[in-house]
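Only one structure is covered here, and it is reproduced in the block below.
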Amino acid sequence: MIQQLDECKWLYLREISEPEDNSLRLVIEEARPNDLPEDITINNVTLQGLRKVEHDVSCRIFEVTWERYICYSVVNESYANADKSGTYTGQKVRFYSESPFLEYIRSATFASADYPGPYKHVAVLCENHIVEVAATSEPRVRLVKPGRPRAVKDAQPCGQPDLAHKAAQGRLPPR
């Protein structure tokens with residue numbers, strides 16, 4: 001099930017909770033570009049034919065849980081470093097063997113291979129959030145709602161942070 005989540009093109013974090021002390025639960029929605037193109041004007045620059053990326057009835061919903069964690073972090077994606085440092089596998093669900101987050105865990109906690117035992121860094125990359133978790137076990141992923149295939153016309157999705165951010169700052173490349 002982790003592989004299905006990792007293969008999604010767009011994900012939204014819809015819920016985060018601790019069902020019990022030091023356990024973690026994420027509800028993650030798959031998203032797709034909708035069928036209706038629209039134009040968006042930002043800073044007097046109009047981007048045409050864009051499609052919102054959003055969750056709809058054809059998309060899946062996943063529940064990701066950790067029975068126990070050492071540490072977790074949620075970062076607003078707009079402020080996340082685009083730095084690709086670290087060694088990892090995966091796209092949307094990344095398993096790190098080395099990362100700045102693991103360095104932080106080593107310096108900020110006394111967690112070690114001896115106690116509570118060997119641990120891993122897993123990051124879930126969503127459109128608006130990046131969730132990073134250090135835990136001794138891998139997450140459990142459960143399909144809460146299956147999706148159903150639908151055809152989507154090729155177009156550039158709107159809501160892409162790079163384009164919107166550049167347009168808002170007046171830094172779009174000339175046409």
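Throughout, read-outs are computed from the coordinates displayed, never taken from laboratory work. In this text the structure is predicted, and so the values were computed from the model without any measurement. Heads up, the Cβs are rebuilt from the backbone with ideal geometry, glycines too, and the neighbour counts pull from every protein chain shown.
The figures follow:
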item: ³J(HN,Hα), Karplus 6.51/-1.76/1.60, whole Hz, each residue of region 94-99, x for Gly, Pro; result: 9, 10, 9, 9, 9, 6
item: Length added when fully stretched, Leu143-Thr109, from 0.36 nm per residue minus Cα-Cα; result: 9.0 nm
item: Three principal axis lengths of region 77-122 [C-alpha, angstrom, descending]; result: 34, 21, 15
item: Net charge over other residues, Cβ less than 15 angstrom from the Cβ of Phe101 (K, R count +1; D, E count -1); result: 0
item: Two-site FRET efficiency, Val27 against Val74, from Cβ-Cβ distance with R₀ of 22 Å, rounded to 0.05; result: 0.95
item: Region 76-136 and region 1-71: distance between their alpha carbon centers, rounded to Å; result: 19 Å
item: Net length gained if the chain between Lys120 and Lys84 were fully extended (0.36 nm per residue, minus Cα distance); result: 11.2 nm
item: Share of alpha-carbon pairs per 10 Å distance bin for region 40-133, given as whole %; result: 12, 37, 28, 15, 7, 2
item: Under Karplus coefficients 6.51, -1.76 and 1.60, residue-wise ³J(HN,Hα) of region 81-92 in Hz, glycine/proline x; result: 5, 7, 4, 9, 5, x, 10, 8, 10, x, 10, 8
